[in-house]
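> This is the structure, below, for whatever I ask next.
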Amino acid sequence: MTYCVGLLLRDGIVLLSDTRTNAGLDNIATYRKMFTFEDPGERVIVILTAGSLSVTQNVLARLDEAIHDDAPDTPNILTAATMLQVAEIVGSTLNTVAREVSVKISSMENQAATASLIVAGQRRGGAMRMFLVYPEGNFIEATEDTPYLQIGEHKYGKPILDRVIRPDTPLAEAEKAVLLSMDSTLRSNLSVGMPLDLAVIERDACRIGHARRIEAGDAHFAAMSEAWSKALRAAFAQITL
């Protein structure tokens, strides 16, 4: 399973993903689920992935191949005129790959291969935008009313986002919120696991401003997790019926 989350705020974009992939209790592995594409100062795109690894790896490989294709007329995410066109390219690629993989496995397993993606970024002169792309290739966009998107095992980390995230939330507070959202998910679902990948994009910078990998045993993350647990226990104790 997976948990990925993205926040679209007035000051920038904050994105976080786990790295656990499993196919049963005894087959657990680590795969990156956050992928960045940059032309620093001109364009930055981050893609978060959830679902069938055979689909997501194929999609990312095709997107990367299109970027390096010598044919000038080949559309790709680093030359698309708008972030909307980026989402359309990603959606079309995802739909094509999902259908191809599903055809190959359906005769053996009687099931379809699915995946979903979060696509976020900005081009110079354009607005920051973030989309959730479905396996069928269609997508929805984050707005001021709902300034965050999640994919994967999202239910455990949703309550804190609903309570604290607003479009004007500062980036430092937003980073804290996504980490605590992930902490809640890690505690409640063993199919989501560390290490974690974090990326922050400041408004109009068109580059990754801050990125880090948080390994298991990270002292700062552990201290934040414990402080959050203590705060929740204290708040619970103060509430009377």
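Throughout, read-outs are computed from the coordinates displayed, never taken from laboratory work. None of the values given here were measured: they were computed from a predicted structure. Note that each Cβ is placed from the backbone with ideal geometry, even for glycine, and that neighbours are counted across all protein chains shown.
> Starting with the fewest neighbours, write out 133, 46 ranked by other beta-carbon atoms found within 10 Å of each beta-carbon. List each step's numbers first, then the result.
Working: 133 27, 46 23.
So the residues, fewest neighbours to most, are 46, 133.
> Given the rule -39500 (n - 2.57) for each run of at least 4 DSSP H residues, summed and divided by the residues of the chain, what is its mean residue ellipticity at 222 nm, to the nearest 500 deg cm²/dmol?
Numbers: 5 runs with 87 residues, N = 241.
After summing the helix terms and dividing by residue count, I get -12000 deg cm²/dmol.
> Ranked by Cβ crowding within 10 angstrom, fewest neighbours first, how are 118, 151, 160 ordered?
On the way: 118 28, 151 23, 160 18.
In increasing order of surrounding Cβ atoms, one gets 160, 151, 118.
> If you line up the long axis of helix 83-109 against the longest principal axis of the chain, both from Cα atoms, how many degrees apart are they, to the nearest 10?
90
> Let me ask something else about it. Can you give the relative contact order of the chain as a percent, counting alpha carbon pairs under 8 Å and 6+ residues apart? Don't jump to the answer; show the numbers that get you there.
On the way: 471 pairs, mean separation 67.2, N = 241.
Normalised by residue count, the contact order of the chain is 28 percent.
> If you fit an axis through the alpha-carbon atoms of helix 219-238 and take the longest principal axis of the Cα set of the chain, what angle between them do you get, 0 to 90°, nearest 10?
50
> For the residues 164, 178, what sequence is obtained by ranking on other C-beta atoms within 10 Å, fewest first?
Numbers: 164 14, 178 26.
Ranked by crowding around the Cβ, least crowded first: 164, 178.
> Still on this structure: Check the chain and count each lysine pair with an alpha-carbon distance under 28 angstrom, considering only pairs eight or more places apart or from different chains.
Lysine pairs meeting both conditions in the chain amount to 9.
> Just name one of 239, 56, 190: the one whose Cα is farthest towards the positive end of the charge dipole of the chain (beta-carbon charges, Lys/Arg +1, Asp/Glu -1).
The residue sitting farthest along the positive end of the dipole is 239.
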